[in-house]
Amino acid sequence: MENTVLAMISRQMGIEREMDAIANNIANASTDGFKSERMLFAEYLQDIGNNQTIAFIKVAGVIRDFTDGPIRTTGNPLDIAIRGEGFLKIETDDGILYTRSGRLHLDATGMLVNADGQAVLGDSDLPILTFPGDIAITIDPDGRVTSESGELGRLALVVFEDVSKLVKLGNGLYDSKADPIDPEEPGDVTVIQAALEGSNVEPITEMTKMISLLRSYQGTQTMGNEEHDLRRKAIGILGGVSQSA
Amino acid sequence: MKSLSIAATGMLAQQTNVDVIANNIANMNTTGYKRFRPEFQDLLYQNLRRVGAESSDAGTIVPNGVQIGVGVKTASVYRITQQGNLISTGNTLDIAIQGTGYFQVLQPSGTNAFTRAGSFQLSAQGQIVTVDGFTVSPGITIPTDAVDVTINANGTVQAKIDGQVTPQTVGTLDLVSFANGAGLESIGGNLLLETPSSGAPTVSSPGSPGFGFLQQGFIETSNVDAVTEITALIAAQRAYEMNSKVITTADEMMRTASQLR
């Protein structure tokens, strides 16, 4: 008897989770390098006897959409946009992490860092240092950084066999248990200087998804109310015996 | 329902975005102003189902876990040190820097500040000062009987004294540069201060390697581009609206839930 209500609740909890994911997507619609996410649901079958099963809904995972976001030019020579499924290597206190956000800065020692001041690594995991007085810094599509003082290093651009196994840590950083691999073809991952990759969140898709979620939430609720009426009626009819007596 | 607080962080971020754009537009005609840009980052993630965890006794692992983000934050608001346009003013003490570098200014407190706004004046003693009367390093005094002042691209200040044939060299303006010019702290009044992230200043004369040239009779305008700012403003406003729509939807869902009979 309670199964209808329980199935309904499992659906509503799923909708709430999905709503959280959409809220996070929309909140990050102007976060550079952000990748949109959606929930993956799975059926959870339970045997309730009499050869009957009831299907509940459970959250199975998060699917991250790794398509490239829109590229916009900024004119800042230290901004880079990555084309393809490549990542930059960032040195942090917790070891090497990976990022897509290409807003680079120089720190007081002239080292190439990200917005949090963590070193952006080049080949052989060495940081890239500029010399005092370097003004014209160029980054070519292969990630080679050059200035008036000559070639300073090459940005490490790595790819992963399975990007869905990356763990998001916030601040645009990803952690990986698996070691990254070099891109197979040199042209697979390229860098565009003086441009940034925006968030790949499609606001229209998110808004329509949100509307349909709200409606199915309300629809599920109606189902719960119908069930409630059904039971009240049943009790009224079945309990009518005692009233007439 | 985390959606309410997630959308709230989104609205806060867009508010910061609009604040920064408003300040850029307000300073469109400020000499030597460099525009700012906010940078956003995603906040922490909650692991509801950890990726890589074992999903059965047979050792199969969860291919993609359930991570729910909790919103967005402003990571930094940084200055874009792109060169502004040079506008001819014809004023002898208007000096623009073409290239890298800052003028060093001695504040009344005794500490040095840095500026790219080169609209200078003369003090009562004939010294080259900023519009606020602060001495411009190294403190050049123009003789009172000078009829004209020439400042060349390398910063040499020459005064033409009435009755003399050759102009007299009275000093050389300094320029300073930083490893990370974007790391300087703005204190208003077109002045910037050294910070641990900017690095120590390197003093040199204009035109030396790594330093820009001076241009007398010009000022550097702000590098704010009106079209870019207005389009960014439109995008920020729409993003703000979308976040508020998330709040409305979450609210409606909670109302639906509370109406359960």
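The values are calculated or read from the model by the stated rules, or taken from the named source; none is laboratory data. None of the values given here were measured: they were computed from a predicted structure. Backbone-built Cβ (ideal geometry, glycine too); neighbour counts: all protein chains shown.
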For residues that are under 29 Å from residue A:137 (Cβ atoms) and outside any strand (DSSP E or B), scanning just segment A:148-162, find the one that is farthest from the other protein chains (Cβ to nearest Cβ). A:156
Looking at the structure I just gave you, is residue A:211 β-branched (Val, Ile, Thr), surrounded by fewer than 17 Cβ atoms within 10 Å (Cβ to Cβ) and more than 10 Å from chain B (Cβ to nearest Cβ)? no
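Taking residue A:7 as the residue in question, decide whether it is more than 30 Å from residue B:250 (Cα to Cα) and not in a strand (DSSP E or B).
Values: more than 30 Å from residue B:250 (Cα to Cα): no; not in a strand (DSSP E or B): yes.
The answer is no for residue A:7.
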Counting only residues that are touching a residue at least 12 places away in the same chain (Cβ under 8 Å), more than 7 Å from chain A (Cβ to nearest Cβ), outside any strand (DSSP E or B) and not β-branched (Val, Ile, Thr), how many does segment B:28-80 have? 8
Specify which of the listed residues (B:68, B:80, B:87) is more than 13 Å from the chain's Cα centre (by Cα), among the β-branched types (Val, Ile, Thr) and surrounded by fewer than 18 Cβ atoms within 10 Å (Cβ to Cβ). B:87
Do the conditions hold for residue B:6, that is, is it closer than 24 Å to residue A:78 by Cβ, out of contact with any Ser or Thr (no Cβ under 8 Å at 6 or more places or on another chain) and of a type in the set (A, V, I, L, M)? no
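Residue-by-condition table, conditions (1) part of a loop (DSSP other than H, G, I, E, B); (2) more than 29 Å from the chain's Cα centre (by Cα); (3) in contact (Cβ under 8 Å) with a residue 40 or more places away in the chain:
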| residue | (1), (2), (3) |
| --- | --- |
| B:109 | yes, no, no |
| B:157 | no, yes, no |
| B:160 | no, yes, no |
| B:164 | yes, yes, no |
| B:176 | no, no, yes |
| B:179 | yes, no, no |
| B:192 | no, no, yes |
Taking residue B:185 as meeting all but one of (1) among the acidic types (Asp, Glu); (2) assigned by TED's automatic domain parsing to the domain that holds residue B:24; (3) touching a strand residue (DSSP E or B) at 6+ places or on another chain (Cβ under 7 Å), write down the number of the exception. (2)
Those residues that are at pLDDT below 90 and in a strand (DSSP E or B), I need them from segment A:97-110; list them, please. A:103, A:105, A:106
Scope segment A:39-78; condition modelled with pLDDT of 90 or more and outside any loop (DSSP other than H, G, I, E, B); matching residues: A:71
So, residue A:83, is that one farther than 25 Å from residue B:71 by Cβ, of a type in the set (D, E, K, R) and either more than 9 Å from chain B (Cβ to nearest Cβ) or touching a residue at least 60 places away in the same chain (Cβ under 8 Å) (or both) or not? yes
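Before we move on, is residue B:57 loosely packed, with under 15 Cβ neighbours inside 10 Å, among the acidic types (Asp, Glu), under 30 Å from residue A:40 (Cα atoms) and not assigned by TED's automatic domain parsing to the domain that holds residue B:211? Show your work before the answer.
Values: loosely packed, with under 15 Cβ neighbours inside 10 Å: yes; among the acidic types (Asp, Glu): yes; under 30 Å from residue A:40 (Cα atoms): yes; not assigned by TED's automatic domain parsing to the domain that holds residue B:211: yes.
In short, yes.
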Which numbered condition residue A:71 fails, given (1) more than 11 Å from every other protein chain (Cβ to nearest Cβ); (2) buried (at least 20 other Cβ atoms within 10 Å of the Cβ): (2)
Does any residue of segment A:133-142 turn out to be touching a residue at least 60 places away in the same chain (Cβ under 8 Å) and crowded, with 20+ Cβ neighbours inside 10 Å? yes
Within segment A:177-193, how many residues turn out to be among the small types (Gly, Ala, Ser) and more than 10 Å from chain B (Cβ to nearest Cβ)? 1
Between A:91, A:85, which is assigned by TED's automatic domain parsing to the domain that holds residue A:176 and either of a type in the set (Gly, Ala, Ser) or assigned to a strand (DSSP E or B) (or both)? A:91
Residue list for segment A:105-132, restricted to those being more than 10 Å from every other protein chain (Cβ to nearest Cβ), under 24 Å from the mean Cα position of the chain (by Cα) and buried (at least 22 other Cβ atoms within 10 Å of the Cβ): A:120
Exactly one of these conditions fails for residue A:29: (1) within 11 Å of chain B (Cβ to nearest Cβ); (2) assigned to a strand (DSSP E or B); (3) touching a helix residue (DSSP H, G or I) at 6+ places or on another chain (Cβ under 8 Å). Give me its number. (2)
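How many residues does segment B:114-149 hold that are part of a strand (DSSP E or B) and of a type in the set (Val, Ile, Thr)? Steps first, please.
Going residue by residue through segment B:114-149, those that are part of a strand (DSSP E or B) are B:114-115, B:119, B:121-122, B:127-129, B:135-136, B:141, B:146-149.
Narrowing further to those that are of a type in the set (Val, Ile, Thr): B:115, B:128-129, B:135-136, B:141, B:147, B:149.
Total meeting the criteria: 8.
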